[in-house]
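The values are calculated or read from the model by the stated rules, or taken from the named source; none is laboratory data. In this text the structure is predicted, and so the values were computed from the model without any measurement. Note that each Cβ is placed from the backbone with ideal geometry, even for glycine, and that neighbours are counted across all protein chains shown.
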Amino acid sequence: MPADESTASLESAIRTELARQLGVAGDRILPAASLVDDLGVDSLLHMTMVVGLEARFEIVIPDAVAARFTSVGDVIEAVRSRATLAGPGGPPADAGAAA
Amino acid sequence: MLTRLFRRRRAAAPSPPSDWKARNQALIARLRRQGVAIGTGCVILTDQFSTEPCLVEIGDRVAIAGGTMFLTHDGAAWLLRRTRPEAQHFGRITVGSDTFIGQNCIILPGARIGSHCVVGAGAVVRGMVADGMVVMGNPARVVGRTSLLVAMMDASPDTLDTYSLPEPERQRQIRQHFGRRESEAA
């Protein structure tokens with residue numbers, strides 16, 4: 001799979017999972033969206049979102065990074081960078097299918 | 001008469017932190033006399049340690065909020081009464097160190113709550129809670145890890161360093177932070 005296509009499918013999978021974790025429609029998962037002001041994320045949802053994303057993409061997001069997420073873009077970047085670095089296979093095998 | 005009642009209510013208004021700390025120490029001393037094993041540096045704001053307080057063991061630096069109840073026996077043993085009229089069923093409860101248990105939780109017999117855990121308000125805890133976990137709900141389930149919760153709280157703009165301030169100053173700083181006017185004070 002070309003690198004561009006792989007990156008696109010990973011980002012798509014992240015957005016889908018993020019929408020599922022937050023219980024919002026996929027079209028609200030915009031990079032500039034504020035977790036608190038636009039999506040109503042409280043501290044409990046913030047925590048379950050991080051843990052859910054870690055489990056889904058088999059990554060670990062350091063607490064100091066996860067604690068400072070303020071926008072959807074922050075979350076996507078943190079997951080994308082770690083999932084890409086997770087191994088030569090990039091995203092999990094079913095990442096595209098989940099999108 | 002009403003004036004006298006009103007004065008009594010005013011006198012019962014929230015005490016400054018130094019008072020509740022003294023009351024907390026007195027409560028811990030009483031609970032220890034009753035048989036609860038309590039480590040050092042704890043803050044315990046409940047006295048509901050069931051009818052077998054000797055079955056509860058609490059580590060160091062544990063905080064337990066008000067209304068939380070420890071149950072060390074299972075009343076369902078009632079159902080044995082026909083064949084064993086004297087039967088009672090018991091379970092030990094342990095809480096590791098550096099753990100926080102929120103308001104109005106119920107800790108069931110046999111529960112083993114680890115160290116560095118957070119039990120969310122209203123949780124009903126049974127079985128084992130592994131070290132470093134945040135649990136909530138009924139029955140309590142893991143919703144995250146304590147290290148992340150603590151990091152989030154540390155980063156939050158709504159976390160203020162007000163714990164040991166004199167009460168009027170503490171209230172003033174909180175009002176100021178949340179943009180409330182002085183005139184809105186109770």
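Some points to look at:
- Top-ranked residue in the range B:66-123 [being of a type in the set (Val, Ile, Thr) and more than 27 Å from residue A:44 (Cβ to Cβ); ranked as farthest from the chain's Cα centre (by Cα)]: B:83
- Looking across the range B:124-161, the residues that are more than 10 Å from chain A (Cβ to nearest Cβ) and farther than 19 Å from residue B:105 by Cβ come down to B:157, B:159, B:160, B:161.
- Within the range A:47-61, tally of residues that are surrounded by 20 or more Cβ atoms within 10 Å (Cβ to Cβ) and over 11 Å from the mean Cα position of the chain (by Cα): 1
- Residue B:91 being among the small types (Gly, Ala, Ser), more than 14 Å from every other protein chain (Cβ to nearest Cβ) and on the phi < 0 side of the Ramachandran plot: yes
- Verdict on residue A:37 being out of contact with any strand residue (DSSP E or B) (no Cβ under 9 Å at 6 or more places or on another chain), outside any helix (DSSP H, G or I), at pLDDT 90 or above and within 14 Å of another protein chain (Cβ to nearest Cβ): yes
- Residue match in the range B:115-123 (condition: assigned to a loop (DSSP other than H, G, I, E, B), at pLDDT below 95, within 10 Å of chain A (Cβ to nearest Cβ) and under 21 Å from residue A:49 (Cβ atoms)): no
- Residue list for the range B:108-161, restricted to those being more than 26 Å from residue B:69 (Cα to Cα) and surrounded by 15 or more Cβ atoms within 10 Å (Cβ to Cβ): B:148, B:151, B:152, B:155
- Test result for residue B:66, in contact (Cβ under 8 Å) with a residue 24 or more places away in the chain and over 16 Å from residue B:94 (Cα atoms): yes
- Taking the range A:48-79 as the range and being out of contact with any Phe, Trp or Tyr (no Cβ under 8 Å at 6 or more places or on another chain), in a helix (DSSP H, G or I) and closer than 17 Å to residue A:24 by Cβ as the test, the residues that pass are A:48, A:49, A:52, A:53, A:56, A:72, A:73, A:74, A:76.
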